[in-house]
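The values are calculated or read from the model by the stated rules, or taken from the named source; none is laboratory data. Values in this document were obtained by computation on a predicted structure and should not be read as measured data. Note: ideal-geometry Cβ built from the backbone for every residue, glycine included; neighbour counts use all protein chains shown. Accessible surface is based on the protein model in full, side chains and every heavy atom, while ligands, DNA and RNA are left aside. Shrake-Rupley method; radii C 1.70, N 1.55, O 1.52, S 1.80 Å.
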Amino acid sequence: MGHPAAVWDSKIATERVKDLNGIGQIVLRNSQGASAKVSLHGGQVVSWRNERGEELLFASHKVNGKGPKATRGGITVCFPQFGSCGSLEQHGFARNKIWTVDENPPSLPAKDSSGKSFVDLLLKPTDEDLKCWPHSFELRLRVCLGPDGNLALISRVRNIHGKPFSFSFAYHSYLSVSDISEVRVEGLETMDYLDNLCHKERFTEQGDAITFEAEIERVYISSPNCVAVLDHERKRTYVLRKEGLPDVVVWNPWEKKPKSRADWGEDEYRHMVCVNGAVIEKPVTLKPGEEWTGRSEIIAVPSSFCVEGLCF
Ligand code: TA6
């Protein structure tokens, strides 16, 4: 049972702990008993639970949490690229680095803090990093847990000095679902998408919702700022609201590919779907001193809830 809001002490809203490898994590709580846990490894949101303690993000049971690679699941920050190109690792290096807590971040609008438990993280390049991506940036991430249990991630990329640079970005969000056959994604009807399984060829979504009967990996471009992921079995809908993230990645690997990977458990693909706010088709270019902001908020509601009311 959560604390009555009236006596909620914001001092227990955030707690610092360590994971099994001694890496720092920050636990966010609200007065209703919901929580989120953020790792300094990659700025990864490794857990998001509702007021009943139900885990809303998928994490592979094969996760060992060791080594430099992001653990499969949760929500990872993909920067400065999404996908694999050039010498950078897939989905960029940011999610494989150790971030720091930013004790004195540049201010954000009140909507990103009032009544919320939140933590600010910061990633700056080391001299080593600058050898593989020679751009002087600051990447800030605020993770917020609202009084209603909503999870919000606000990322800011600033070009500190030197020459302009371009980047793509995604919140790689593994949502927990009862079974992928029960899932439909709404809000992307009639949108064009790049199909990563067909050499990024461009298609137009014809269905009245996206359902899953095989592997899907698509980048819906210039998409609406509100997308719904319905889990019929659990009678739960995730509403994704985004700003500054024109594209949406929809992915389920289906059966074959996970079998060849050590970090997927048996049939785990059935219990996750990735629906990611992203900026991929048209990368962002920043001149020195310029800053980009990308916001993603995920709301988990009973499917009977009127989702339209949650969109902007
Ligand atoms: O979002 C889809 C994707 O690009 C897939 O191609 C697959 O490689 C996946 O990302 C990898 O994500 P992970 O979290 O395992 O690094």
Open item on the list: With +1 on the Cβ of every Lys and Arg and -1 on the Cβ of every Asp and Glu, and nothing else charged, how large is the dipole of the chain about its Cα centre, in debye rounded to the nearest 20?
Closed with: 900 debye
TODO: Name the residue, out of 194, 130, 139, whose mean-square fluctuation peaks in a Gaussian network model built on the chain with Cα pairs under 10 Å.
DONE: 130
Open item on the list: Longer than 29 Å from Cα to Cα, which of 116/163; 163/282; 111/282 are they? Say none if no pair is.
Closed with: 116/163
Task: Helix-only CD estimate at 222 nm, as mean residue ellipticity for the chain, using -39500 (n - 2.57) per DSSP H run (n ≥ 4) - done: -500 deg cm²/dmol
Open item on the list: Using the Cα centre of segment 104-220 as the reference point, and only Cβ charges (+1 on K/R, -1 on D/E), how large is the resulting charge dipole? Debye, rounded to the nearest 20.
Closed with: 920 debye
TODO: Could you tell me which of 190, 271, 106 has its Cα farthest along the dipole of segment 13-310 towards the positive end, charges placed at Cβ (Lys, Arg +1; Asp, Glu -1), taken about the Cα centre?
DONE: 106
- [ ] Please give the solvent-accessible surface of residue 293 in Å², to the nearest 10, using a probe radius of 1.4 Å with every protein chain present.
- [x] 50 Å²
- [ ] Please build a GNM for the chain, connecting alpha carbons under 10 Å apart, and tell me which residue among 141, 286, 40 fluctuates the most.
- [x] 286
TODO: Note down the relative contact order for segment 103-221 as a percent, whole number, built from C-alpha pairs under 8 angstrom at least six residues apart.
DONE: 16 percent
- [ ] For segment 39-196, give the magnitude of the charge dipole about the Cα centre (Cβ charges: +1 Lys/Arg, -1 Asp/Glu; no others), in debye to the nearest 20.
- [x] 520 debye
Task: Theoretical FRET efficiency, 1/(1+(r/R0)^6), r = Cβ-Cβ of residue 292 and residue 192, R0 25 Å, to 0.05 - done: 0.60
- [ ] Among the listed pairs 124/200; 62/256; 18/97, give every one whose C-alpha distance is greater than 20 Å.
- [x] 124/200
- [ ] Give the cross-link partners of residue 257 among the aspartates and glutamates, using a straight C-alpha distance below 16 Å as the criterion and excluding same-chain residues fewer than 8 apart.
- [x] 213, 215, 217, 266, 267, 268
Open item on the list: Suppose we look only past 32 Å in the calculated P(r) of the chain. What percent of the Cα-Cα pairs does that tail hold?
Closed with: 24 percent
TODO: Show 95, 29 ordered by accessible area, largest first, where the area counts protein heavy atoms only and the probe is 1.4 Å.
DONE: 29, 95
Open item on the list: Testing the spin-label approximation: label points 7 Å from Cα along Cα→Cβ at residue 178 and residue 63. State their distance in nm.
Closed with: 2.4 nm
Task: the chain, accessible area per residue, ligands and nucleic acids excluded (1.4 Å, Å²) - done: 46 Å²
Open item on the list: Mean-square fluctuation check for the chain, GNM, Cα pairs under 10 Å: which of 140, 156, 261 is largest?
Closed with: 261
- [ ] Tally up the carbon and sulfur contribution to the accessible surface of the chain as a whole percent, 1.4 Å probe, everything protein left in place.
- [x] 53 percent
Open item on the list: At 7 Å along Cα-to-Cβ for each site, give me the label-to-label distance between residue 306 and residue 18 in nm.
Closed with: 5.1 nm
